[in-house]
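> I have a structure I would like to understand better, so I am pasting it below and will then ask my questions one at a time.
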Amino acid sequence: MNILITGGAGFIGSHVVRLFVTKYPHYRIVNLDALTYAGNLENLSDVEHAPNYIFERGNILDAPFLQGLFEKYQFDGVIHLAAESHVDRSIANPMAFVETNVMGTVQLLNAARNAWKDNMKGKRYYHVSTDEVYGSLGEEGYFTEETRYDPRSPYSASKAASDHFVRAYWHTYQLPVVLSNCSNNYGPNHFPEKLIPLVINNIREGKPLPIYGDGKYTRDWLWVKDHASAIDVIFHNGRKGETYNIGGNNEWKNIDLVQQLCDIVDELLGRPQGSARQLITFVADRPGHDRRYAIDASKLRDELGWEPSIRFEEGFRQTVQWYLEHEEWLRHVITGAYQAYYAEQYRSEK
Ligand code: NAD
Ligand code: TYD
């Protein structure tokens, strides 16, 4: 199988690329990534020389480039993760989200459709999406695959639009799609402007830990490698045209999560318990902040047998350890040095 993975240099994409490259040595994995601020090839330095792995730098908005890629590699499958992914950035600059998440997704759908239109047999187009398309929950209830879409940030609105286009290409052109909507991920290689890596890094540097609003916003956190394993299962066994929710069954209020982080970092750094908690600072709320997300992932469990593999306490501790042990990775991201990696690494090829 020749598989195109988009956004493979990002947080989740890099875990998906690694899983596929190592688990399926007989597949050829092509990672297409524009290397925006969020794309970091250092995430994949352990697999970059694997014989079944190829990196292609390019933009999903570039239709001729996509067409050329499909001609060159004759893809059997697409796993589409490339996106603008940060809610706060979407509030500051919605257009980038419309461009990449909506228009980029449609360009990719067109490229697949054009390449496969005479024979869709054995082909598979997988669209990776978020639970944020469902809007915000109260104290009770869960998002199921039947929950009405109610996106409330420019990010979730752009992801919702992209999901609708993917389903439209199934109904209109029979493009063999499958979709998943996943809850918040945590783990290694998360870009350090997102809550968990930001807090770990700020504790280490003795900087304030910014908590939006009253801190009682709730997220359902999933270990990123479990998201990658769910994508593997759905890509291979999910039914065409279907959507699967993926979640960790693991809800935390932000303030409780951050307090846990404080205690683990204090312990691992040998600092007195309670010292990191003193850095917690309540700041102005995010506009339109969704109160609670929680996923009902029973369809995925009952149909395809997938469940999270790791207990949160274990995944969370491993995550903190990873950031504390990968100071150089973090420093490269914070200083922007990771962007020089591409030029250095691919000097001989370009
Ligand atoms: P990320 O921001 O870490 O990575 C996105 C990647 O896409 C980067 O490598 C970036 O360079 C690339 N990219 C951006 N624009 C591009 C373009 N125009 N052309 C080609 N490449 C481009 O994001 P992430 O957190 O890894 O999320 C990956 C996917 O999973 C997204 O579709 C996101 O909506 C979805 N998702 C994320 C979460 C989460 O908790 N992070 C949860 C559910 C779903
Ligand atoms: P984030 O990691 O941005 O993910 P999302 O908004 O997609 O769920 O934020 C997770 C939660 O943490 C969300 O409720 C916003 C909150 N948050 C803070 O309280 N402070 C921060 O500095 C950040 C980045 C997020």
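> Specify the residue that is nearest to ligand 1 (Cβ to nearest atom); the eligible residues are those in segment 272-307 that are in contact with a helix residue (DSSP H, G or I) (Cβ under 8 Å, 6 or more places away or on another chain), over 17 Å from Asn185 (Cα atoms) and without any contact (Cβ under 8 Å) to a residue 24 or more places away in the chain.
Arg277
> Shifting gears a bit: Which residues, counting only those in segment 62-90, are in contact with a Ser or Thr (Cβ under 7 Å, 6 or more places away or on another chain) and open to solvent by 10 Å² or more (accessible area, probe 1.4 Å)?
Leu81, Ala82, Ala83, Glu84, Val87
> Hey, among Cys262, Cys182, which residue is buried (at least 22 other Cβ atoms within 10 Å of the Cβ), closer than 23 Å to Gly77 by Cβ, among the hydrophobic types (A, V, I, L, M, F, W, C) and within 16 Å of ligand 2 (Cβ to nearest atom)?
Cys182
> So which residues in segment 132-144 are within 19 Å of the chain's Cα centre (by Cα) and surrounded by fewer than 22 Cβ atoms within 10 Å (Cβ to Cβ)?
Gly135
> Considering only residues of segment 152-179 that are of a type in the set (A, V, I, L, M) and crowded, with 19+ Cβ neighbours inside 10 Å, which is farthest from ligand 1 (Cβ to nearest atom)?
Looking at the filtered set, the residue picked out is Leu175.
> May I pose another question? Do you know which residues across segment 238-285 are on the phi > 0 side of the Ramachandran plot and touching a Pro at 6+ places or on another chain (Cβ under 9 Å)?
Gly241, Asn249, listed by residue number.
> Test of understanding: among Pro51, Pro25, Pro94, which residue is within 16 Å of ligand 2 (Cβ to nearest atom) and more than 27 Å from Thr335 (Cβ to Cβ)?
Pro94
> For segment 193-223, which residues satisfy the criterion of being within 11 Å of ligand 1 (Cβ to nearest atom) and either part of a loop (DSSP other than H, G, I, E, B) or of a type in the set (Asp, Glu) (or both)?
Across segment 193-223, the qualifying residues are Glu193, Lys194, Asp220, Trp221.
> Given the criterion among the aromatic types (Phe, Trp, Tyr), surrounded by 14 or more Cβ atoms within 10 Å (Cβ to Cβ), under 20 Å from the mean Cα position of the chain (by Cα) and part of a loop (DSSP other than H, G, I, E, B), identify the matching residue among Trp329, Trp322, Trp306.
Unique residue meeting the criteria: Trp306.
> Using the structure shown, decide if Pro188 is in a loop (DSSP other than H, G, I, E, B), touching a helix residue (DSSP H, G or I) at 6+ places or on another chain (Cβ under 8 Å), modelled with pLDDT under 95 and over 24 Å from Pro151 (Cβ atoms).
no
> Give just the number: which of (1) acidic (Asp, Glu); (2) under 21 Å from the mean Cα position of the chain (by Cα); (3) farther than 19 Å from Thr100 by Cα does Glu71 not satisfy?
For Glu71, the failing item is (2).
> Given the criterion more than 12 Å from ligand 1 (Cβ to nearest atom) and in contact with a strand residue (DSSP E or B) (Cβ under 8 Å, 6 or more places away or on another chain), identify the matching residue among Gly122, Gly68, Gly135, Gly77. Lay out the reasoning, then the answer.
Working: Gly122 fails: in contact with a strand residue (DSSP E or B) (Cβ under 8 Å, 6 or more places away or on another chain); Gly68 fails: in contact with a strand residue (DSSP E or B) (Cβ under 8 Å, 6 or more places away or on another chain); Gly135 fails: in contact with a strand residue (DSSP E or B) (Cβ under 8 Å, 6 or more places away or on another chain).
The conditions single out Gly77.
> If you take the residues of segment 91-122 that are farther than 22 Å from Asn31 by Cβ and without any contact (Cβ under 8 Å) to a residue 60 or more places away in the chain, which of them is surrounded by the most Cβ atoms within 10 Å (Cβ to Cβ)?
This residue is Met120.
> While we're looking at this one, here's another question. Sort out which residues of segment 224-251 are in contact (Cβ under 8 Å) with a residue 40 or more places away in the chain, open to solvent by 40 Å² or more (accessible area, probe 1.4 Å) and either under 25 Å from Glu140 (Cβ atoms) or not in a loop (DSSP other than H, G, I, E, B) (or both), and write them in order of number. Spell out how you get there, then give the answer.
From segment 224-251, those in contact (Cβ under 8 Å) with a residue 40 or more places away in the chain are 224-235, 237-251; that's our starting set.
Restricting the remaining residues to those that are open to solvent by 40 Å² or more (accessible area, probe 1.4 Å) gives 225, 237, 239-240, 242, 249, 251.
If the condition is that a residue be in contact (Cβ under 8 Å) with a residue 40 or more places away in the chain, open to solvent by 40 Å² or more (accessible area, probe 1.4 Å) and either under 25 Å from Glu140 (Cβ atoms) or not in a loop (DSSP other than H, G, I, E, B) (or both), then Lys225, Asn237, Asn249, Glu251 are the ones that fit.
The values are calculated or read from the model by the stated rules, or taken from the named source; none is laboratory data. Values in this document were obtained by computation on a predicted structure and should not be read as measured data. Cβ sites come from the backbone with ideal geometry, for glycine too, and all protein chains shown count toward neighbours. These accessible areas exclude ligands, DNA and RNA; they are computed on the full protein's heavy atoms, side chains included. Shrake-Rupley method; radii C 1.70, N 1.55, O 1.52, S 1.80 Å.
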